[in-house]
Amino acid sequence: MNSTLRESGQDRQIRELSEFLAIPSVSALPAHAADCRRAAEWLRDHLHQLGCPTVDMLEGPGHPVVWGEGPQVPGKPTLLIYGHYDVQPPDPLDEWISPPFSPTVRDGKLYARGASDDKGQVFCLLKAYQAVLDRGGRPPLNVHFIFEGEEECGGTVIYELLKREPERTRADAALVCDMSYYAPGVPAVYTALRGLCYAEISVRTLQRDLHSGTYGGVAPNAIETLARILCALKSETGEIRIPGLYEAVEPPTQAELDTWKRLPFDREGFIRSEVTGKVLTGLQDRTVFERVWALPTFEIHGIRGGFVGEGAKTVIPAQATAKVSLRLVPGNQVQEVGRALKRAVAQAAPKWADVEVNLLHGGDPVQVDVSTPAFEVLDEAFESVTGRKAVQVRAGGSIPIVPELGLAGAPVILTGIGLPDDGLHSPNEKLDLAQLWSGVEIFSRFFRLFAEKGGSARAYSSSGEARFTGPE
Ligand code: BES
Ligand code: MN
């Protein structure tokens with residue numbers, strides 16, 4: 001192909017994706033509800049442009065789900081494509097080199113909130129689909145698209161939709177492209193996602209804030225009390241002090257541990273360029289992979305209370321709140337962990353403080369059997385474009401709706417075209433454009449191969465049992 005033509009095609013795609021990324025669809029912030037809707041509409045319009053005869057905005061108590069169906073192709077398998085159009089809040093804003101919602105290309109990378117998580121990856125799948133349409137606009141297989149706008153904030157619209165209409169998950173496979181390569185040049189499929197239990201812990205020790213000179217020395221300080229409770233929940237050596245949490249964990253199999261041992265891992269580089277700290281914390285007798293993939297965590301996300309404005313104010317705070325979450329691994333159950341967290345906080349709280357735990361949202365961990373034929377087809381696609389099959393790893397992150405996508409028996413493929421240093425949820429999130437272009441080739445190849453081979457495989461019987469082996 002003429003390379004100037006090709007280049008202009010890429011420029012157009014960068015422009016299109018930039019339009020999508022410029023919409024600040026921050027699902028967690030109520031002020032951005034209209035932006036979330038605009039991002040959904042952008043997808044709706046795009047699916048129309050791709051020739052989908054059915055495109056719906058499905059409403060619920062939050063941001064809409066966008067549903068699309070490609071033209072029906074009788075006798076061919078059906079692929080369900082999942083993605084999310086919402087993004088995390090962009091703060092701290094002053095750390096962005098270019099503003100989060102002004103997509104900017106630097107050095108072959110497109111910088112914007114959502115560039116990798118997940119708008120850029122959704123865009124990649126749309127372009128891959130476009131690339132396999134024939135002259136009449138017909139795809140080689142049946143494709144159903146389901147895009148949600150509440151993945152990052154724990155909303156329930158997609159969950160309620162699939163509870164109500166589980167037939168939407170009837171497919172020969174579900175494809176979730178919201179993760180990254182294991183390393184540059186090393187594609188990955190994911191055998192597990194961690195679950196999540198997100199909570200707010202609120203402490204009140206006084207009826208009102210007090211002068212810290214007049215009452216300092218006798219009045220109970222809410223932030224200090226909260227800090228002590230938080231410290232009681234996790235030891236300095238990284239052990240979470242919530243009874244039953246570790247006992248429930250199903251350890252990884254020997255095969256997994258062996259695979260992980262063989263993965264290339266540059267510990268110093270990981271500390272320096274990904275973690276960006278000086279050390280790795282947590283249970284020192286466990287490997288890094290075990291700590292980020294196969295063990296529960298307890299993290300504090302933010303603390304509110306007292307005086308945090310410019311300058312100095314001498315006050316004893318009456319009230320303080322911490323946002324915290326636990327990541328859960330196979331064996332842990334979100335309901336049970338929520339109850340155990342409440343008990344542990346109540347135990348750590350002094351009698352004279354009013355302490356509340358408010359569970360905001362969560363989801364169970366999931367495990368995926370990657371031995372079904374859909375994964376062979378994906379490997380073939382990865383190999384033909386990158387020269388390598390996917391490594392099998394776990395993810396430390398969570399995608400709460402994944403168990404539901406597999407409920408009708410479709411194997412759920414968890415993969416992606418991001419890179420480990422994309423900066424998800426961080427300032428200066430980016431997508432390498434080379435990953436986008438090769439991603440379009442990989443998934444076009446996958447669609448074609450799946451159209452040929454996908455439906456014929458034994459493992460795709462639509463009555464097949466659910467392939468999720470995550471905890472009940
Ligand atoms: N794409 C991520 C999940 C992810 C991160 C998978 C890293 C693999 C590796 C997803 O969009 C995400 O960030 N999810 C949230 C969900 C939560 C808010 C319920 C997460 O994991 O924090
Ligand atoms: Mn994501």
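For a straight C-alpha distance cut-off of 19 angstrom, the aspartates and glutamates reachable from residue 261 (same-chain residues fewer than eight places away being disregarded) are 250, 285, 290. Scoring 23-36, 45-58 by mean Cβ neighbours within 10 Å over their residues and listing the highest first yields 23-36, 45-58. A viscosity of 1.567 mPa s and a temperature of 4 °C, combined with the Kirkwood radius over Cα pairs in Stokes-Einstein, give a translational diffusion coefficient for region 1-151 of 79 µm²/s.
The packing ranking, built from the mean of other Cβ atoms within 10 Å per residue, places the peptides 359-367, 381-389 in the order 359-367, 381-389, highest first.
Assuming a ≥ b ≥ c are the square roots of the Cα gyration tensor eigenvalues, decide whether region 134-204 counts as rounded (a/c under 1.5), prolate (otherwise, with a/b larger than b/c) or oblate. Because a/c hits 1.5 or more and a/b fails to exceed b/c, region 134-204 counts as oblate.
Among the listed pairs 323/351; 163/453; 76/389; 119/163; 76/127, a Cα-Cα separation exceeding 27 Å is found for 163/453.
Summary value for region 200-273: 19 percent relative contact order, contacts being C-alpha pairs under 8 angstrom separated by 6+ residues.
Which percentage, to the nearest 5, of the DSSP beta bridges contained in the chain is antiparallel? For the chain, the DSSP antiparallel bridge percentage is about 70.
Close amide H pairs (under 5 Å, H built 1.01 Å from N) link residue 409 with 467, residues at least 5 positions away or on another chain.
The reciprocal of the average 1/r between distinct C-alpha atoms defines the Kirkwood hydrodynamic radius, which for the chain equals 23.7 Å. Peptides 230-236, 59-65 ranked from most to least packed, by the mean per-residue count of other Cβ atoms within 10 Å: 59-65, 230-236.
Every number here is computed from the coordinates shown, using simple stated rules; none is lab data. In this text, all values refer to a predicted model and were calculated from it rather than measured experimentally. Every residue, glycine as well, gets a Cβ built from its backbone with ideal geometry; the counts of neighbours run over all protein chains shown.
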